[in-house]
Amino acid sequence: MEKKSLVFLGSKPIGYHCLYYLIRQKDQLGIEIAGLLTNDNPRFSTTLSLRTLAEEHGIPVFDSLDELPTVDYLYSVQYHQILKEHHIHKAKKIALNLHMAPLPEYRGCNQFSFAIADKRDEFGTTIHQMDAGIDQGDIVFERRFKIPENCWVDELYELTFNASLDLFIETISEILNGNYTLTPQQQLVGERGTSLHYRSDINKLKEINLNWSRDDIARHIRATYMPGFEPPYAMIGTQKIYFKKEWE
C-alpha cells in the first residue's frame with residue numbers, strides 16, 4: 001500500500017512530542033514524513049529541538065512556508081505562523097491544527113491565562129481544520145476537562161499538554177483513515193461563546209489594580225504568573241511591583 005505523505009509544522013515541547021510519536025509510528029501508520037517547518041524557540045526548551053529530531057531521522061527541514069511541497073496532509077502543532085490559502089491547499093486531503101484550548105471559546109494566544117481570569121470551570125484542547133483565519137476552521141476532534149479550583153496557569157498548561165498529546169495520539173489513525181466529521185465552529189458560538197486574543201494581550205492582563213477585590217487580585221496572579229516570563233505586577237507611581245508565589 002502506498003504511504004500517505006505528511007508535512008509537520010510545529011514548535012515547543014508539545015510539537016516535539018507529537019513529531020516524535022509520528023516518527024516512531026510512521027510504519028504502523030503508513031505515512032512518510034515529507035518535511036518539517038519549525039521555529040524551534042529555545043525559550044520553551046533547550047533540549048527538545050524539532051530540527052535536530054528531524055535531521056537525525058532524515059526528514060527535510062524547510063526554511064519557509066513557500067517551500068511546502070504538495071502532500072496528503074499538513075499537520076500543525078504550535079506552529080508560529082498563520083498559513084495562507086495557497087499554503088493550506090498544498091494538502092490534498094486535509095490541513096489540521098492542534099490548538100491547545102477549547103474552540104470556539106479561546107482562539108489565538110495565552111488561552112490558559114484568559115480562561116482562569118474569566119473564571120471558567122472547563123477547558124480543553126481541539127484539533128481543527130486549518131483555514132486562513134486564526135483558529136477558525138471546522139472542529140475535527142476535541143477533549144474537555146474540568147479546571148481544578150484555584151488553578152495556576154502553569155498547572156492548567158500541564159493538564160492541557162497531557163490532554164493534547166493524548167488527543168493527538170488517539171486520533172491520528174482516525175484522521176489518516178478518514179474517520180472523522182467536520183463541525184463548523186459557527187454552529188457552536190451561540191452555546192459556547194467565542195474570543196480571540198493576540199500575543200500582546202497578555203501584557204494588559206498582567207497589570208494588577210490594587211483596588212480590585214482580594215479574590216480578583218489572586219485570580220489574576222494565578223492566571224498570569226508563569227515561570228520564565230515577566231510576572232504580574234502593580235504600578236505604584238512609576239514603579240512596577242511584581243508578584244510571585246510565596247514559596248518560590
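Since every read-out is calculated from the coordinates, none of them should be taken as a lab result. Worth saying up front: this structure is predicted, and the values here are computed from it rather than measured. Cβ: placed from backbone, ideal geometry, glycine included. Neighbour counts: every protein chain shown.
Any idea how far apart Tyr198 and Tyr242 come out in nm if each label point goes 7 Å out from Cα toward Cβ?
2.6
Projected onto the charge dipole of the chain (+1 at Lys/Arg Cβ, -1 at Asp/Glu Cβ, origin at the Cα centre), which of Gln25, Ile202, Asn39 gives the Cα projection farthest towards the positive end?
Checking the options against the dipole of the chain, the answer is Ile202.
For the chain, return all DSSP H helices satisfying: extent of Cα atoms along own axis at least 18 Å; mean Kyte-Doolittle hydropathy at least 0.5.
Counting only whole DSSP H runs, the qualifying helices are 153-176.
Which pairs break 25 Å Cα to Cα here: Lys26/Lys92; Lys12/Lys240; Lys84/Lys206; Lys3/Lys90; Lys204/Lys240; Lys146/Lys245?
Lys12/Lys240; Lys84/Lys206
Restricting to DSSP loop positions (anything but H, G, I, E, B) with no more than 11 other Cβ atoms inside 10 Å of their own Cβ, which trypsin sites (Lys or Arg not before Pro) remain in region 30-95?
Filter output for region 30-95: Arg43, Lys84.
Can you list which of the chymotrypsin sites (Phe, Trp or Tyr not before Pro) found in region 131-198 are DSSP loop residues with at most 15 other C-beta atoms within 10 Å?
Hits after loop and neighbour filter: Tyr198.
Report the FRET efficiency, 1/(1 + (r/R0)^6), for Ile169 and Glu207, where r is their Cβ-Cβ distance and R0 is 45 Å, rounded to 0.05.
0.70
Return the loop-located trypsin sites (Lys or Arg not before Pro) in region 145-248 (DSSP other than H, G, I, E, B) with at most 13 other Cβ atoms within 10 Å of their own Cβ; answer none if there are none.
Filter output for region 145-248: Arg199, Lys244, Lys245.
Can you pull the one-decimal nm distance between simple spin-label points at Gln81 and Leu65, each 7 Å off the Cα toward Cβ?
The modelled label-to-label distance comes out at 0.6 nm.
Which value, in debye to the nearest 20, gives the size of the charge dipole of the chain about its Cα centre, when Lys and Arg are +1 and Asp and Glu are -1 at the Cβ?
The dipole of the chain has a size of about 340 debye.
Under 8 Å for C-alpha pairs, at least 6 residues apart: give me the relative contact order for the chain, rounded to a whole percent.
Value for the chain: 16 percent.
Which whole-number percent is the relative contact order of region 1-129 (Cα, under 8 Å, 6+ apart)?
With pairs under 8 Å counted, the relative contact order is 25 percent.
Rounded, prolate or oblate: which fits region 203-242 when a ≥ b ≥ c are the square roots of the eigenvalues of the alpha-carbon gyration tensor, with rounded for a/c under 1.5 and prolate only if a/b beats b/c?
Note, shape of region 203-242 comes out oblate.
Two decimals is fine: what's Rg over Rh for region 104-248, C-alpha atoms, Kirkwood radius as Rh?
1.03
How big is the chain on each of its three principal axes, counting only the C-alpha atoms and giving the largest first in Å?
For the chain, the Cα extents along the three principal axes come out at 65, 41, 30 Å.
Can you find, among Pro104, Phe8, Ala91, the residue farthest towards the positive end of the dipole of the chain? Put +1 on the C-beta of Lys and Arg, -1 on that of Asp and Glu.
Of the options given, the answer is Pro104.
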